[in-house]
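Single-structure report; data block below.
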Amino acid sequence: MEKLDLTQMPDENGFFGEFGGQFVPDHLKKIMNDINDAYEKIIKDENFQKELASLYKHYVGRPSPIYHAKKLSEAAGGAQIYLKREDLNHTGSHKINHCLGEALLAKYMGKTKVIAETGAGSHGAALAAACALVGIPCEIHMGAIDIEREAPNVTRMHIFGAKVVSVTRGTQTLKDAVDSAFEELLRDPDNFFYAIGSVVGPHPFPKMVRDFQTMIGKEAREQMIELTGRLPDYAVACVGGGSNAMGLFNAFLLDDEVKLIGVEPGGKGLDTEFHAATMNKGRKGMIHGFKCYVLQDERGEVLPVYSVAAGLDYPGVGPQHCLLRDLNRVQYESCTDREAIDMFMNLSRMEGIIPAIESAHAVAYAVKLASTLPKDKNIVVTLSGRGDKDIDAIIKELNLKF
Ligand SMILES: *Cc1c(COP(=O)(O)O)cnc(C)c1O
């Protein structure tokens, strides 16, 4: 069999192998194809490229640094850990990378409102900022529980001038927020733009969001070569929908010597019902207009998911990840709430960096991995966001009194 070119994906119908696609009603298919056409056109436009590149540099603060976490590596007692600092981006996470692209595209297409879901509120806050900048109304759908968990981000959305819709159905978390945002889109799909917050949803979003995130891996690749003289031995990232991970992995897909590891939210443990480890525990299915691994019961009903990290508790996962898993190009591991919370404090106390609780999953796994490897191995980890949004929830969880 001819070797699949992993860099030439998806196909023109939005499939990554059997995953992805566009499983939506016909009129929505047309809307999605219009978005794809507009995207393919605009992405080749020199003025658009210049505008976006300038915003990444002067507004977001790219390239983001890479940081050799020496104390953390020493404590792990093995391989060297390098953090790709997406937490230093304007608005505090990797989400701004695709939000700027999506907001500009919506404006270019003459849309009148940008809608989105948000879990941790990072996508909502980043999109609200991007929409304020671009000058387009913004409406964020968020589960009522997440609104409580991530209060600072909700306040930021309001300050940026966005409308925040509290979603009180179902588990009142990310999946329900996506359902609610989709319904709002269906009210006027010609004029509204649904800016999906990860590499999920119907084609072209998995491709588009990935493309807007690929600088993470491109920069990290160059930075690792500059710092260490070679490619890293491992690249590690947390996986909710999978955008920060896809952004990192994309640059290394053809480098077989670089092992790629996605870290899923293990919640209270994979042997309980309280996790969102889609790759480890899901089966092939359909969710939100695309095919992927889905956490579902025997009848195909999507299961409620759980994680301490509001940005990770999604019952589906990006279609490209599903293919990479089946090809054994990426290995999917998990990390429990407990391990992530401990790492939230450890990284803060050891390196003076407060990680997003989502990112703490990746760092915690990387430390475990590092402890099994010799000192001359290098691991690069995306620190996908900063943890300021999580401090109240963690203090409460740990019952900390200062
Ligand atoms: C949204 C979010 C994630 C999870 O999203 P992916 O699409 O899986 O990257 C991870 N970390 C942070 C900080 C987030 O805001």
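The values are calculated or read from the model by the stated rules, or taken from the named source; none is laboratory data. What you are looking at is a predicted structure, and each value in this text was computed from that prediction instead of being measured. Here the Cβ positions follow ideal geometry from the backbone for every residue, glycine too, while neighbour counts run over all protein chains shown. Calculation scope for accessible area: heavy atoms of the full protein, side chains included, ligands and nucleic acids excluded. Shrake-Rupley method; radii C 1.70, N 1.55, O 1.52, S 1.80 Å.
Here the range 1-63 is described by how far its Cα atoms reach on the three principal axes: 41, 36, 19 Å, from widest to narrowest.
For the range 1-138, what is the accessible area per residue in Å² when the probe is 1.4 Å?
Result: 44 Å² of accessible area for each residue.
Here Asp190 and His58 are evaluated by their C-beta separation; at R0 = 30 Å the FRET efficiency comes out at 0.35.
A simple spin-label model places the labels of Leu327 and Asn280 2.4 nm from each other, with each point 7 Å out along Cα-to-Cβ. Around the Cα centre of the chain, unit charges on the Cβ atoms of Lys, Arg, Asp and Glu (plus for the first two, minus for the last two) sum to a dipole of about 720 debye.
In the elastic network of the chain, a GNM with C-alpha springs shorter than 10 Å, the most mobile of Leu55, Leu295, Leu227 is Leu227. Extension gain for Ile395 to Asp34 (0.36 nm times residue separation, less C-alpha to C-alpha distance): 125.4 nm. Electrostatic tally near Val164: other residues with Cβ closer than 15 Å to its Cβ, Lys and Arg +1, Asp and Glu -1, net -2.
With protein chains left intact and a 1.4 Å probe, residues in the range 299-388 average 35 Å² of accessible area per residue. Please label the shape of the range 87-209 as rounded, prolate or oblate, based on the square roots a ≥ b ≥ c of the eigenvalues of the alpha-carbon gyration tensor (a/c under 1.5 means rounded; beyond that, a/b larger than b/c means prolate, else oblate). Rounded, since a/c falls under 1.5. For the range 1-141, the C-alpha radius of gyration sits at 1.29 times the compact-globule guess of 2.2 N^0.38 Å, with N the residue count. Once C-alpha pairs closer than 8 Å and six or more residues apart are averaged by separation and normalised to the residue number of the chain, the relative contact order reads 21 percent.
Counting 0.36 nm for each residue step from Asp342 to Glu46 and taking away their Cα separation leaves a gain of 102.0 nm.
Between Thr7 and Lys268, 0.36 nm times their residue separation minus their Cα-Cα distance comes to what?
Gain on extension, Thr7 to Lys268, equals 90.4 nm.
Once the other residues with Cβ under 14 Å from the Cβ of Cys138 are scored (Lys, Arg +1; Asp, Glu -1), what is the net sum? Within the 14 Å Cβ shell, the charges total +2. First select every other residue whose beta carbon is under 12 angstrom from the beta carbon of Gly267; then total the charges, Lys and Arg +1, Asp and Glu -1. So the surrounding residues net to -3. Across the range 220-371, the mean sequence separation of Cα contacts (distance under 8 Å, 6 or more residues apart), normalised by length, yields a relative contact order of 23 percent. Among the protein heavy atoms of the chain, carbon and sulfur supply 51% of the accessible surface, probe 1.4 Å, non-protein parts ignored. Quick one: check the C-alpha center-to-center distance for the range 126-203 versus the range 264-322, whole angstrom. One Cα centre to the other: 21 Å. In loop segments of the range 227-301 as defined by DSSP, the trypsin sites (Lys or Arg not before Pro) with at most 16 further C-beta atoms inside 10 Å of their C-beta are Arg230, Lys268, Arg299. FRET efficiency for the pair Glu183 and Phe402, taken as 1/(1 + (r/R0)^6) with r the Cβ-Cβ distance and R0 = 45 Å, rounds to 0.55. For Asp297 and Thr155, the FRET efficiency from 1/(1 + (r/R0)^6), where r spans their Cβ atoms and R0 equals 45 Å, is about 0.75.
Computed over the chain, the P(r) curve from all C-alpha pair distances, binned at 20 Å from the origin, holds 30, 62, 8, 0 percent per bin.
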